[in-house]
Ligand code: 3H9
């Protein structure tokens, strides 16, 4: 009956300890138990007060996000807090770990809050496209003032309890003996004639705070990285209610707004993203007790842009890094680039001068491969995309690196198994595909080869996390997950240009969708010449991009590409000359020109890419569809409010998507655009990706 909450009595004080691993979320059975046990304590004359606490590192992480879409059953946290506020016995929250969302709201509804030093509290609902739904928007302004409460709710940030104490959100922070202190608070409160309740206080501040917040948040919402529209507006309206509505009426309006937002596409997308990120951490064959190889020293082979970025990432996380490049001038250039990066970080206040110096001191430079890898526990090869060169390096590494060392390649495309075959240790060969700039981008595709051992994988995943990356394990296929799917978008971008779209029209469709930049802007940033050179070496051509590159328009680095970049302008200016170049190519290739509408552009840029995602799932290149979403959210700028490409497919409707792809294939005469067998099957049988995600 009371599963999920332990009830103990200590010297006349009832301790309710939430125990619902892994994070003490407020699942229905926990809500039920809390409601029952608070009544039990209240009704027992031998009990003079209650202390509410949690188990482990988390106090309570809030609503059960995994069940958030299920119909609400049983008593709520609102019911629990209403009971607490009606009690004559003090109820003290003993916050022993992280208290978030509904967890922090429970604490706010208690008569006092005592927290153990070093923990965090917050209302992160906005990061899920929600507002607090258990009284947070009404009690917090009464404790910390409207302006501070709004800032906390809209940013969703986690505060250290020491800051929460300064702001008035908790009453005491203690270094040890939390329960002892909480018991003392119970007795202190018993001595008072009236128990303090947040609901009885007036929120400090006034409507000008709300108006100021409205103006500021309208402008800053996007920058804060939260759902800047619906949730922000609902938060502002709810906090405004704390001034001009009756407390209980405001609570009812809060839960109404929470319920409305919960079913919104933005909240659904953000909740999906949250869960997909957690699910991607579950890798078949890798468990918490899988033995790891201790890694202290990492050798990075190749001192180009990628190598330098990887070296910075590793040095920042405390690894000893040996940067190896046969060309001394490349080493010098990398050293300069790295020094500039650290200088920028210190200049912008992102890193202290001392920390930058310590990190820089972890880097050593070698032009001799044998010397550079002699002490390595992990070697990351980051030379340019030439398979013969990579094979030669792997064969040498097999001889030169210590026997225990893991050999990783940062290749974006190549066959990890073929590289493993060059070595005498295929089980210790793996792909580590970083994204540029490697010291900034969070995504790391970890490529599991046919022979890669669980131990190798586990070690690399640990390193990824220690360096602040979000690793996603993928299988061996050309371009792995992200680039393989992106290729479809690149192909359609080129076709759309030839058919008559301008780069601006194409890019705007995607920026309106929520990407920070479109495909043409992205290519201008990355350099149009990179793929052009690769194609040239293979005797291939792609139009119109190769004619654009032939004209020396390589993107931002040459001041013009798809756009013009006059001195000091980084956003790109439309260029009629580019349109003429493209029209010339279209004429030469006899591509009929027409006006293509925004909807068609959007579908052609996104749907073939998503279709490829279905092929990747079908081939087992990822463990679950959600992994693809994590790749796109963290490596390709897919807007979080849209949840990732596979989530977008599900929201759009798999049947509609498959039918659209069929129509596209027919009208464009491109059979390869047909929906994959897997997509068609799911579409026709009413299957769902969420179900597959939930099974894995
Ligand atoms: C809310 O509260 C609404 C209220 O206002 C109104 C209603 C009362 N539910 O992150 P981790 C799982 S909205 C269910 O790796 P960490 C997670 O999926 C909620 N499950 O741990 C994973 O599962 P699995 C507002 C949850 O130590 C496992 O726990 N609250 C929840 O790195 C470990 O997760 C939030 O937004 C949950 N609420 O970090 C807080 N949270 O093992 C969200 C986690 O099966 N949570 N899981 O993959 C967090 O920020 C972090 O999990 C936390 C721990 C900091 C608590």
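Here, each number is a calculation from the coordinates, and none is a lab measurement. The structure presented is a predicted model; accordingly, all values stated were derived computationally and were not measured. A quick note on method: Cβ atoms are made from the backbone with ideal geometry, for glycine too, and the neighbour counts reach across all protein chains shown.
Brief remarks on what is shown
- Projected area averaged over orientations for region 426-523, convex hull of C-alpha atoms, nm²: 7.2
- The angle separating the long axis of helix 625-635 from the principal Cα axis of greatest extent in the chain is about 80 degrees.
- Order of 277, 381 under a 10 Å beta carbon neighbour criterion, fewest first: 277, 381
- Normalised by the number of residues in region 297-474, the mean separation of alpha-carbon contacts (under 8 Å, six or more apart) gives a relative contact order of 21 percent.
- Degrees, to the nearest 10: 482-499 long Cα axis against longest axis of the chain: 60
- Beta bridges from DSSP with both residues in the chain: antiparallel share about 25 percent, rounded to the nearest 5.
- Computed over the alpha carbons of region 5-262, Rg followed by Dmax gives 17.2, 55 Å.
- Region 297-474 - share of DSSP beta bridges that are antiparallel (%, nearest 5): 15
- Derived from the Cα gyration tensor, the three semi-axes of the equivalent ellipsoid of the chain are 50, 31, 25 Å, largest first.
- Computed from the C-beta positions of residue 599 and residue 305 and an R0 of 30 Å, the FRET efficiency is 0.20 to the nearest 0.05.
- Relative contact order of region 508-665, defined on C-alpha pairs under 8 angstrom at six or more residues apart (%): 17
- Whole-angstrom gap from region 282-304 to region 468-533, using each part's C-alpha centre: 30
- Once the Cα atoms are used to define both axes, helix 146-155 deviates from the longest principal axis of the chain by about 40 degrees.
- The relative contact order of the chain, computed from alpha carbon pairs under 8 Å that lie at least 6 residues apart in sequence, is 9 percent.
- Computed over the alpha-carbon atoms, region 521-645 gives an Rg to Rh ratio of 1.02, Rh here being the Kirkwood radius from the mean inverse distance.
- Values of log10 I(q)/I(0), in the order q = 0.10, 0.15, 0.20, 0.22 Å⁻¹, for region 24-135 under a Debye, Cα-only, solvent-free model: -0.27, -0.61, -1.08, -1.28
- With Cα atoms as the point set, region 297-474 shows a radius of gyration and Dmax of 15.1, 46 Å.
- Distance in nm between pseudo-label sites at residue 662 and residue 245 (7 Å out along the Cβ direction from Cα): 4.8
- Sorted ascending by nearby beta carbons within 10 Å, beginning with the fewest, 319, 478 become 478, 319.
- Ranked list, fewest to most other Cβ atoms within 10 Å of each Cβ, for 650, 254, 211: 211, 650, 254
- Cβ-Cβ FRET estimate between residue 533 and residue 44, R0 fixed at 56 Å, reported to 0.05: 0.10
- Computed [θ] at 222 nm, deg cm²/dmol, the chain (DSSP H ≥ 4; -39,500 (n - 2.57); rounded to nearest 500): -15500 deg cm²/dmol
- Taking only alpha carbon atoms, region 114-260 gives an Rg to Rh ratio of 1.00, where Rh is the Kirkwood radius.
- The overall shape of region 598-695, judged from the alpha-carbon gyration tensor, is oblate: a/c is not under 1.5, and a/b is no greater than b/c.
- The slack in the chain from residue 281 to residue 191, taken as 0.36 nm per residue of separation less the alpha-carbon distance, amounts to 27.4 nm.
- Radius of gyration and maximum dimension Dmax of region 410-480, Cα, Å: 11.6, 34
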